[in-house]
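Chemist: The following block contains the structure, expressed as structure tokens.
Please treat every number below as a calculation from the coordinates, not as lab data. Just so you know, these numbers come straight off a predicted model, no measurement behind them. So basically every Cβ, Gly included, is an ideal-geometry build from the backbone, and we count neighbours across all protein chains shown.
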Amino acid sequence: MEPFIDPFWLPVIFAGLMGLSILLYVILDGYDLGVGMLSALARGEERDLMVASIGPFWDANETWLVLGIGLLLVAFPIAHGIILTQLYLPVFVMLAGLILRGVAFEFRAKAEPNRKHLWDKSFIGGSLMATLAQGYMLGAYILGFDQSLGAVLFCLLAAAGLAAGYVFVGACWLIYKTEGALQERSVRWARLGLWATAAAMAAVSLVTPLLSQRIFDRWFSLPEIIALLPIPMMSAVLFIGLAIFLSRPKRHDDALSWVPLAGAGTVFALGFIGIAYSFYPYVIPDRLDIWQAAASPEALSIILVGTVFVLPVILGYSLLAHWIFRGKATHLSYY
Amino acid sequence: MSELDPFILSRIQFAANISFHILFPTITIALGWVLLAFKLAFNRTGNEAWMDAYRFWVKVFALSFAMGVVSGITMSFQFGTNWPGFMERVGNIAGPLLAYEVLTAFFLEAVFLGIMLFGFRRVPNWVHTLATVLVAAGTTLSAFWILVLNSWMHTPAGFELRDGVVHATNWAQVIFNPSMPYRLTHMLIASGLTVAFLIAGISAYRWLRGDRGDGVAKALRSAIAMAALLIPVQILVGDLHGLNTLEHQPAKVAAMEGNWETRPNVPLVLFAIPDEEARTNHLEIGIPNGASLILKHDPNGVVPGLNDFVGEHPPVAPVFWGFRVMVGIGMLMLLVSWFTWWKIRRKGMEGAPRWLLQLLVGMAFSGWVATLAGWYVTEIGRQPWLVTGVLTTKDALGPVPAGMVATTLILYLAIYAALLAAYVLVIFQLAKRGDAAPQGKPMFPMPGGGEGPARPLREPLAPAE
């Protein structure tokens with residue numbers, strides 16, 4: 001197939017699509033994994049309800065990861081190989097975690113009652129493993145796969161930071177999808193998650209420019225810094241606003257229970273834009289840019305045609321599923 | 001082996017991952033359509049027994065689907081972690097095919113699975129039926145794309161090489177490459193047979209335990225009919241697939257037949273111990289002219305031998321044995337399904353002797369064994385190539401050290417063994433509980449008495465009038 005747009009733009013478009021997939025994954029499966037980790041703090045019926053709140057969604061949410069990694073694989077094949085061989089062990093930990101988490105939904109509902117606690121451990125442990133591995137990989141990626149002690153410590157900071165972020169968005173999801181005592185507990189979890197996330201984002205934002213001269217130059221020079229200032233400022237305003245919102249006594253009508261979730265999603269998006277700006281146009285920091293790594297324009301064109309038609313449809317029926325399962329979570333039943 | 005070889009370890013790891021993965025799509029591809037058939041049968045007849053069958057098998061479907069999803073994600077990462085050369089060299093073809101699988105199939109099945117499983121009481125009946133159709137179509141579409149890619153790796157077409165990198169020149173030829181129609185049909189029917197024997201085996205198990213509801217009998221009868229109809233078609237399609245392989249990958253067929261010399265009047269070898277060192281078979285038992293007859297439809301037909309491909313043919317023993325296991329199970333399926341059908345056609349379940357039901361229980365997972373054996377034949381049979389004539393498996397290997405691969409391999413195997421055991425155990429536990437009770441149980445039982453269906457069960461499924 002002949003490329004129908006300037007080959008210069010194809011890698012840019014695919015970098016954008018890949019970024020969008022990963023951002024959607026981090027927000028959507030982020031709340032799943034956050035709920036998974038938080039379910040360690042609940043028991044019995046409460047835990048069942050937490051699992052039920054994400055039951056109809058987790059599979060589709062996880063598919064954004066497959067699309068993101070798939071776009072990396074198909075659009076930037078060389079980068080895909082380099083990144084994944086560098087991240088061999090954390091990728092394994094993440095996959096093992098996603099396996100243990102994903103199968104637990106079904107097994108915990110179907111196994112003999114005396115085995116259910118094993119699948120609960122698989123659910124909680126899997127969520128934790130996947131989260132920490134993803135955070136670790138994010139850190140390793142930011143530093144260009146540096147293996148020094150300082151870099152490893154940074155990766156651990158990123159792992160803890162992403163765990164805080166997922167707990168935060170997971171708690172916000174529960175505020176939106178639950179009521180009563182569980183919702184009140186979720187508000188407390190969200191408050192803790194909020195401060196931990198804010199601290200982690202601030203720490204990563206401060207340490208990254210110190211560790212990478214290139215990122216330092218991209219942010220702290222005129223006139224860029226003026227154009228970029230809205231990102232940290234909006235993040236700070238959002239954090240403070242959410243903190244105030246979460247500390248108010250509970251409203252009776254519950255009509256605003258979606259606000260923390262929307263706020264958390266926006267915070268994630270802002271953090272993501274910051275990271276994306278730091279790297280563009282590199283797909284592997286300081287080594288390989290998106291034009292060097294791109295697949296042939298013919299191959300990209302044929303994928304783009306499908307994506308343009310299919311992506312809106314996917315977004316449409318994903319929204320439909322969220323609408324069908326709108327409102328407060330109930331215990332799931334097949335019939 | 002004194003030293004760990006990352007090549008062998010990576011191959012074993014990929015084989016372990018893909019073997020584990022394929023078990024579950026093999027079930028969900030056909031089970032989705034079977035569930036749809038159960039549901040439509042209920043919509044049409046109003047007979048609660050069909051709904052019993054649906055309610056039981058939708059649980060197995062949900063479990064299998066989750067296992068398939070999580071093991072499938074592993075696959076998409078392993079291309080990069082262990083075989084980066086694959087995407088670097090043939091990414092321009094493999095990439096778009098995989099992308100279309102994710103875009104058209106994965107999201108479709110993932111989103112509508114939620115509605116199919118948990119939406120029964122939230123959406124009108126027709127939407128629930130539509131969701132079931134879309135999930136079944138999604139699994140089948142996913143099989144289509146991945147088999148297009150796999151077939152292209154066996155019989156590449158519609159491309160050119162520029163600086164060692166593959167570029168597509170004709171997408172129609174890429175998609176409808178020579179082996180695709182045969183491989184796709186063969187796999188879809190294999191899925192149907194696997195599901196038929198699984199349903200028959202588990203239903204026989206329930207029947208033997210005294211769980212003799214009409215739903216169990218209907219499921220077993222449907223499964224036997226399905227198996228009896230599909231197995232002759234599968235034998236025919238398998239034969240056509242073999243002829244196609246003979247045309248495009250003769251070395252693979254030579255290994256399947258255990259034939260060393262290119263010659264006429266080649267026997268159909270039933271048993272032998274192939275010896276690659278001595279390049280001959282030991283203890284060979286064969287039917288004279290059999291292979292020539294099957295492959296060339298002529299007792300004097302010349303069948304290619306392995307000695308024409310010295311150094312370039314696949315390892316003989318696994319291909320030879322894999323083929324015999326697959327065909328042997330196929331023949332057993334033919335005998336058992338037809339005999340069972342003959343026994344129950346008039347008298348129903350009472351006509352089936354106890355030993356036959358026990359045999360069906362024993363064959364519940366026989367489809368898995370045959371499917372895996374068949375895949376080993378075709379995948380090992382492609383070696384030493386990863387993409388025939390374009391890229392060898394060795395050239396696609398990544399730089400990860402052997403120790404790391406060995407570590408992850410052991411951990412993967414441990415996880416897979418545990419999950420496989422849990423999966424089979426839970427299916428038999430579900431069968432023991434026989435919880436297709438007409439009273440709907442919540443998926444997550446509540447300690448305080450549980451929650452019944454919000455509206456009468458029959459109502460949402462009653463034929464719309």
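Chemist: Tell me the relative contact order for chain B as a rounded percent, counting alpha carbon contacts under 8 Å between residues six or more apart.
Modeler: 20
Chemist: When we measure straight from the Cα of B:Lys296, which aspartates and glutamates land under 17 angstrom away, once same-chain ones fewer than 8 places off are left out?
Modeler: B:Asp239, B:Glu247, B:Glu257, B:Glu261
Chemist: Going by the alpha-carbon gyration tensor, a ≥ b ≥ c the square roots of its eigenvalues, is the protein assembly as shown rounded (a/c under 1.5) or, if a/c is not under 1.5, prolate (a/b greater than b/c) versus oblate?
Modeler: Numbers: a/c = 2.10, a/b = 1.23, b/c = 1.71.
The shape class here is oblate.
Chemist: With just the Cα atoms defining each centre, how far is the stretch B:78-137 from the stretch B:362-427? Give it in Å.
Modeler: 22
Chemist: Could you give each residue of the stretch B:290-307 its phi-based ³J(HN,Hα) in whole Hz, using Karplus coefficients 6.51, -1.76, 1.60 with θ = phi - 60°, and x for Gly or Pro?
Modeler: x, 5, 4, 5, 5, 7, 10, 6, 6, x, 9, x, 8, 10, x, x, 4, 5
Chemist: Follow-up question, since we're still on this one. If amide H atoms are built 1.01 Å from N in the plane of the peptide, which residues on other chains or at least 5 residues away come under 5 Å of the amide H of A:Ile284?
Modeler: Here the answer is none, since no amide H 5 or more places off falls under 5 Å of that of A:Ile284.
Chemist: Report, by chain and number, residues whose modeled amide H sits under 5 Å from the one on B:Thr280, excluding near sequence neighbours (fewer than 5 apart, same chain).
Modeler: B:Asp275
Chemist: Classify the stretch B:5-123: rounded, prolate or oblate, from the alpha-carbon gyration tensor (a ≥ b ≥ c, eigenvalue square roots; a/c under 1.5 rounded; otherwise prolate if a/b is larger than b/c)?
Modeler: Prolate, because a/c is 1.5 or more and a/b exceeds b/c.
Chemist: Work out from phi, with θ = phi - 60° and the Karplus expression 6.51 cos²θ - 1.76 cosθ + 1.60, the ³J(HN,Hα) of each residue of the stretch B:220-227, listed in order in whole Hz, and give x for Gly and Pro.
Modeler: Running phi through 6.51 cos²θ - 1.76 cosθ + 1.60 with θ = phi - 60° gives 5, 4, 4, 5, 5, 4, 4, 5 Hz.
Chemist: Given only helices, namely DSSP H runs of n ≥ 4 each adding -39500 (n - 2.57), what is the per-residue ellipticity at 222 nm of the protein assembly as shown, to the nearest 500 deg cm²/dmol?
Modeler: Values: 29 runs with 574 residues, N = 800.
After summing the helix terms and dividing by the residues of the protein assembly as shown, the value is -24500 deg cm²/dmol.
Chemist: Can you give the angle from 0 to 90° between the axis of helix A:77-86 and the longest principal axis of chain A, with both taken from C-alpha atoms, to the nearest 10?
Modeler: The helix A:77-86 is inclined about 60 degrees to chain A.
Chemist: With the crude spin-label approximation of a point 7 Å out along Cα→Cβ, what separation in nm comes out for B:Thr392 versus B:Asn307?
Modeler: Result for the modelled spin labels: 2.4 nm.
Chemist: Once the Cβ-Cβ distance between B:Thr262 and B:Thr169 is put in as r, and R0 is 30 Å, what FRET efficiency do you end up with, to the nearest 0.05? Please list the in-between numbers first.
Modeler: Working: r = 33 Å, r/R0 = 1.11.
Once the sixth-power term is evaluated, E becomes 0.35.
Chemist: Shape verdict for the stretch A:185-295, please, from the Cα gyration tensor: rounded (a/c under 1.5), prolate (a/b greater than b/c) or oblate.
Modeler: The shape class here is prolate.
Chemist: On a 0 to 90° scale, report how tilted helix B:84-101 is relative to the longest principal axis of chain B, with both axes built from alpha carbons and the result rounded to the nearest 10.
Modeler: 30
Chemist: Please compute the contact order of chain A in relative form: average sequence separation of alpha-carbon pairs under 8 Å and at least six residues apart, divided by the residue count, as a percent.
Modeler: Taking the mean separation of contacting Cα pairs over the length of chain A, I get 26 percent.
Chemist: On a 24 Å Cα-Cα criterion, which of the cross-link pairs A:Lys116/B:Lys59; A:Lys110/B:Lys347; B:Lys39/B:Lys218; A:Lys110/B:Lys39; A:Lys121/B:Lys59; A:Lys116/B:Lys39 come out too long?
Modeler: A:Lys110/B:Lys347; A:Lys116/B:Lys39
Chemist: Between the stretch A:257-335 and the stretch B:160-217, what is the separation of their alpha carbon centroids in Å?
Modeler: 31
Chemist: Moving on to the next point. Starting from the Cα of B:Leu425, step 7 Å toward the Cβ, then list every residue of the stretch B:200-217 with an amide N under 14 Å from that point.
Modeler: What the label zone holds, given the 14 Å backbone N cut-off, is no residue at all.
Chemist: Now a separate question. Between the alpha-carbon centers of the stretch B:310-342 and the stretch B:26-59, tell me the distance in whole angstrom.
Modeler: 30
Chemist: Show me, for the stretch A:48-64, the HN-Hα J-couplings you get by feeding each phi into the Karplus relation (A = 6.51, B = -1.76, C = 1.60, θ = phi - 60°), rounded to Hz, glycine and proline as x.
Modeler: 4, 5, 4, 5, 4, 5, 10, x, x, 10, 4, 5, 5, 4, 5, 5, 5
Chemist: A further question on this structure: Just to be sure I understand the curve: with the Debye formula and one point per C-alpha of chain A, what is log10 I(q)/I(0) at q = 0.11, 0.15 Å⁻¹?
Modeler: -0.76, -1.35
Chemist: Here's a follow-up. How much length is gained if the chain between B:Trp355 and B:Leu270 is pulled fully straight, taking 0.36 nm per residue apart and subtracting their Cα-Cα distance, in nm to one decimal?
Modeler: Numbers: separation 85, 0.36 × 85 = 30.60 nm, distance 2.76 nm.
Going from the current span to full extension adds 27.8 nm.
Chemist: Provide B:Val148, B:Val70 in ascending order of the number of other Cβ atoms located within 10 Å of each residue's Cβ, fewest first.
Modeler: Fewest to most other Cβ atoms nearby, the residues stand as B:Val148, B:Val70.
Chemist: Under the rule of at least 5 residues apart or a separate chain, name every residue whose amide H is placed under 5 Å from the amide H of B:Gly286.
Modeler: Here B:Leu270 satisfy the definition.
Chemist: Among B:Lys296, A:Lys177, rank each residue by its count of other Cβ atoms within 10 Å, from fewest to most, as a rough exposure measure.
Modeler: Ascending Cβ contact count within 10 Å gives the list B:Lys296, A:Lys177.
Chemist: Could I ask something else about it? Within straight cross-link reach of A:Lys328, meaning Cα distance under 22 Å, which lysines are found once same-chain residues fewer than 8 apart are removed?
Modeler: Of all the lysines, those that pass the test against A:Lys328 - Cα under 22 Å, at least 8 places apart if same chain - are A:Lys177, A:Lys250, B:Lys441.
Chemist: Right, next: Where Lys and Arg each count +1 and Asp and Glu each count -1, what net charge lies around A:Leu24 among other residues with Cβ under 13 Å from its Cβ?
Modeler: -3
Chemist: Using the crude model of +1 on Lys and Arg Cβ and -1 on Asp and Glu Cβ, and no other charge, please compute the dipole size for chain B relative to its Cα centre, in debye to 20.
Modeler: In debye, rounded to 20, chain B gives about 2060.
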